Amino acid sequence: MVDLTEHTRLLGEISRTLRELSAEARRIREGEIAKPVREIAPLSLRVHELAAQCTRQVHDLSVSRYPTMEGGAESLAHLAGACAQISLASALCNLAIHHRTEIYLDEDADPTPAASADQLGRAERELQRAATTYRAVAQQLSRRLASFTTRPEFLHPSPTLSNATPPAPAARRRS
(Lines give C-alpha, C1' and ligand atoms only; values in the text may rest on other atoms or scores of the structure.)
Protein backbone atom coordinates (compact mmCIF):
# COMPACT_ATOMS: atom_id res chain seq x y z
CA MET A 1 0.00 0.00 0.00
CA VAL A 2 1.33 3.41 -0.97
CA ASP A 3 1.36 6.10 1.72
CA LEU A 4 0.02 9.16 -0.12
CA THR A 5 0.95 11.45 2.77
CA GLU A 6 4.57 10.36 2.38
CA HIS A 7 4.38 10.85 -1.39
CA THR A 8 3.04 14.37 -0.83
CA ARG A 9 6.06 15.13 1.35
CA LEU A 10 8.40 13.66 -1.28
CA LEU A 11 6.77 15.70 -4.05
CA GLY A 12 7.46 18.87 -2.06
CA GLU A 13 11.05 17.82 -1.39
CA ILE A 14 11.63 17.07 -5.06
CA SER A 15 10.33 20.52 -5.99
CA ARG A 16 12.85 22.13 -3.61
CA THR A 17 15.67 19.91 -4.91
CA LEU A 18 14.81 20.83 -8.49
CA ARG A 19 14.99 24.53 -7.66
CA GLU A 20 18.40 23.97 -6.00
CA LEU A 21 19.67 22.06 -9.03
CA SER A 22 18.40 24.80 -11.33
CA ALA A 23 20.29 27.40 -9.29
CA GLU A 24 23.42 25.24 -9.48
CA ALA A 25 23.09 25.01 -13.27
CA ARG A 26 22.75 28.81 -13.39
CA ARG A 27 25.85 29.27 -11.23
CA ILE A 28 27.93 26.97 -13.44
CA ARG A 29 26.54 28.55 -16.62
CA GLU A 30 27.57 32.01 -15.46
CA GLY A 31 31.17 30.86 -14.88
CA GLU A 32 33.96 30.16 -17.32
CA ILE A 33 33.36 26.40 -17.31
CA ALA A 34 37.12 25.86 -17.40
CA LYS A 35 36.88 22.31 -16.06
CA PRO A 36 33.62 21.04 -17.56
CA VAL A 37 33.78 17.47 -16.32
CA ARG A 38 34.61 18.53 -12.77
CA GLU A 39 32.10 21.36 -12.79
CA ILE A 40 29.15 19.88 -14.66
CA ALA A 41 29.36 16.10 -14.10
CA PRO A 42 28.34 16.29 -10.41
CA LEU A 43 25.25 18.27 -11.42
CA SER A 44 24.48 15.85 -14.24
CA LEU A 45 24.78 12.88 -11.90
CA ARG A 46 22.51 14.46 -9.28
CA VAL A 47 19.90 15.31 -11.92
CA HIS A 48 20.13 11.82 -13.41
CA GLU A 49 19.69 10.19 -9.98
CA LEU A 50 16.72 12.45 -9.27
CA ALA A 51 15.18 11.49 -12.62
CA ALA A 52 15.43 7.81 -11.65
CA GLN A 53 13.93 8.52 -8.21
CA CYS A 54 11.06 10.48 -9.76
CA THR A 55 10.38 7.75 -12.29
CA ARG A 56 10.20 5.23 -9.43
CA GLN A 57 7.76 7.47 -7.60
CA VAL A 58 5.55 7.84 -10.68
CA HIS A 59 5.53 4.06 -11.02
CA ASP A 60 4.65 3.58 -7.34
CA LEU A 61 1.84 6.10 -7.59
CA SER A 62 0.56 4.52 -10.79
CA VAL A 63 0.03 1.16 -9.09
CA SER A 64 -1.65 2.70 -6.04
CA ARG A 65 -5.12 4.12 -5.54
CA TYR A 66 -3.77 7.50 -6.63
CA PRO A 67 -4.90 7.29 -10.30
CA THR A 68 -8.46 6.57 -9.15
CA MET A 69 -8.60 9.67 -6.96
CA GLU A 70 -10.22 12.77 -8.41
CA GLY A 71 -7.61 14.36 -10.68
CA GLY A 72 -5.09 11.61 -9.87
CA ALA A 73 -4.63 10.30 -13.39
CA GLU A 74 -4.13 13.82 -14.73
CA SER A 75 -1.63 14.63 -11.97
CA LEU A 76 0.19 11.40 -12.70
CA ALA A 77 0.46 12.45 -16.35
CA HIS A 78 1.91 15.80 -15.24
CA LEU A 79 4.45 14.00 -13.06
CA ALA A 80 5.43 11.73 -15.94
CA GLY A 81 6.02 14.82 -18.06
CA ALA A 82 8.11 16.36 -15.28
CA CYS A 83 10.18 13.15 -15.16
CA ALA A 84 10.87 13.59 -18.86
CA GLN A 85 11.93 17.19 -18.24
CA ILE A 86 14.32 16.08 -15.50
CA SER A 87 15.80 13.37 -17.73
CA LEU A 88 16.18 15.92 -20.51
CA ALA A 89 17.96 18.27 -18.11
CA SER A 90 20.42 15.49 -17.28
CA ALA A 91 21.09 14.89 -20.97
CA LEU A 92 21.54 18.62 -21.53
CA CYS A 93 24.13 18.70 -18.75
CA ASN A 94 26.01 15.92 -20.52
CA LEU A 95 25.79 17.87 -23.78
CA ALA A 96 27.20 20.89 -21.97
CA ILE A 97 30.19 18.78 -20.95
CA HIS A 98 30.57 17.51 -24.50
CA HIS A 99 30.37 20.97 -26.08
CA ARG A 100 33.07 22.24 -23.76
CA THR A 101 35.37 19.25 -24.26
CA GLU A 102 34.90 18.83 -28.03
CA ILE A 103 37.69 21.36 -28.57
CA TYR A 104 40.03 18.42 -27.85
CA LEU A 105 38.46 16.42 -30.66
CA ASP A 106 37.64 18.97 -33.34
CA GLU A 107 39.89 21.88 -34.22
CA ASP A 108 36.87 23.81 -35.53
CA ALA A 109 35.02 23.53 -32.21
CA ASP A 110 34.06 26.69 -30.36
CA PRO A 111 36.74 27.27 -27.68
CA THR A 112 34.38 29.46 -25.62
CA PRO A 113 31.88 28.18 -23.08
CA ALA A 114 28.97 29.62 -25.09
CA ALA A 115 27.57 26.31 -26.35
CA SER A 116 27.91 24.72 -22.92
CA ALA A 117 26.28 27.71 -21.29
CA ASP A 118 23.41 27.44 -23.76
CA GLN A 119 22.86 23.76 -22.87
CA LEU A 120 23.03 24.54 -19.15
CA GLY A 121 20.49 27.33 -19.66
CA ARG A 122 18.15 24.86 -21.31
CA ALA A 123 18.72 22.39 -18.46
CA GLU A 124 18.00 25.13 -15.95
CA ARG A 125 14.68 25.94 -17.62
CA GLU A 126 13.65 22.26 -17.74
CA LEU A 127 14.44 21.90 -14.05
CA GLN A 128 12.42 25.01 -13.22
CA ARG A 129 9.42 23.72 -15.20
CA ALA A 130 9.63 20.35 -13.47
CA ALA A 131 9.87 22.10 -10.08
CA THR A 132 6.72 24.07 -10.85
CA THR A 133 4.90 20.88 -11.81
CA TYR A 134 6.02 19.03 -8.68
CA ARG A 135 5.04 21.93 -6.43
CA ALA A 136 1.58 22.16 -8.02
CA VAL A 137 0.94 18.40 -7.81
CA ALA A 138 2.15 18.32 -4.19
CA GLN A 139 -0.24 21.14 -3.30
CA GLN A 140 -3.15 19.45 -5.07
CA LEU A 141 -2.49 16.11 -3.39
CA SER A 142 -2.10 17.79 -0.01
CA ARG A 143 -5.46 19.55 -0.44
CA ARG A 144 -7.14 16.32 -1.55
CA LEU A 145 -5.77 14.40 1.42
CA ALA A 146 -6.76 17.21 3.79
CA SER A 147 -10.32 17.30 2.46
CA PHE A 148 -10.52 13.51 2.61
CA THR A 149 -9.40 13.34 6.24
CA THR A 150 -11.80 16.10 7.32
CA ARG A 151 -14.88 14.36 6.01
CA PRO A 152 -17.22 13.49 8.87
CA GLU A 153 -17.51 9.84 7.81
CA PHE A 154 -13.73 9.53 7.86
CA LEU A 155 -13.25 11.21 11.24
CA HIS A 156 -16.28 9.69 12.97
CA PRO A 157 -17.41 6.46 11.31
CA SER A 158 -21.07 5.80 11.83
CA PRO A 159 -21.45 3.02 14.44
CA THR A 160 -24.60 1.76 12.77
CA LEU A 161 -22.89 1.44 9.42
CA SER A 162 -19.71 -0.16 10.72
CA ASN A 163 -21.61 -2.73 12.83
CA ALA A 164 -24.35 -3.40 10.33
CA THR A 165 -24.72 -6.82 8.79
CA PRO A 166 -24.01 -6.80 5.08
CA PRO A 167 -27.14 -7.13 2.97
CA ALA A 168 -28.07 -10.58 1.87
CA PRO A 169 -27.33 -11.54 -1.73
CA ALA A 170 -30.12 -10.83 -4.19
CA ALA A 171 -31.03 -14.50 -4.50
CA ARG A 172 -31.92 -14.66 -0.79
CA ARG A 173 -34.09 -11.54 -0.75
CA ARG A 174 -37.21 -13.13 -2.09
CA SER A 175 -40.35 -12.07 -0.30
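Brief remarks follow.
- Residues (aliphatic (A, V, I, L, M), over 17 Å from ALA130 (Cα atoms) and crowded, with 18+ Cβ neighbours inside 10 Å) located in segment 21-36: ILE28, ILE33
- Summed over segment 48-75, residues that are surrounded by 15 or more Cβ atoms within 10 Å (Cβ to Cβ), modelled with pLDDT of 95 or more and of a type in the set (A, V, I, L, M, F, W, C) total 4.
- When residues of segment 37-47 are limited to those that are surrounded by fewer than 17 Cβ atoms within 10 Å (Cβ to Cβ) and touching a residue at least 24 places away in the same chain (Cβ under 8 Å), the one farthest from ILE97 (Cα to Cα): ARG46
- Some residue of segment 137-152 being hydroxyl-bearing (Ser, Thr, Tyr), surrounded by 15 or more Cβ atoms within 10 Å (Cβ to Cβ), modelled with pLDDT under 90 and not in a loop (DSSP other than H, G, I, E, B): yes
- Consider segment 1-19 and keep the residues that are open to solvent by 60 Å² or more (accessible area, probe 1.4 Å) and either under 15 Å from SER90 (Cβ atoms) or not in a helix (DSSP H, G or I) (or both). The one that is modelled with the highest pLDDT is ASP3.
Table: residues versus (1) more than 28 Å from GLY121 (Cβ to Cβ); (2) small (Gly, Ala, Ser).
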residue	(1), (2)
HIS7	yes, no
VAL58	no, no
THR68	yes, no
ALA84	no, yes
ALA89	no, yes
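The values are calculated or read from the model by the stated rules, or taken from the named source; none is laboratory data. Since the structure is predicted, the reported quantities are computational estimates derived from the model, not experimental observations. For neighbour counting, all protein chains shown are included, and Cβ atoms are generated from backbone atoms with ideal geometry for every residue, glycine included. Heavy atoms of the whole protein, side chains included, go into the accessibility calculation; ligands, DNA and RNA do not. Shrake-Rupley method; radii C 1.70, N 1.55, O 1.52, S 1.80 Å.
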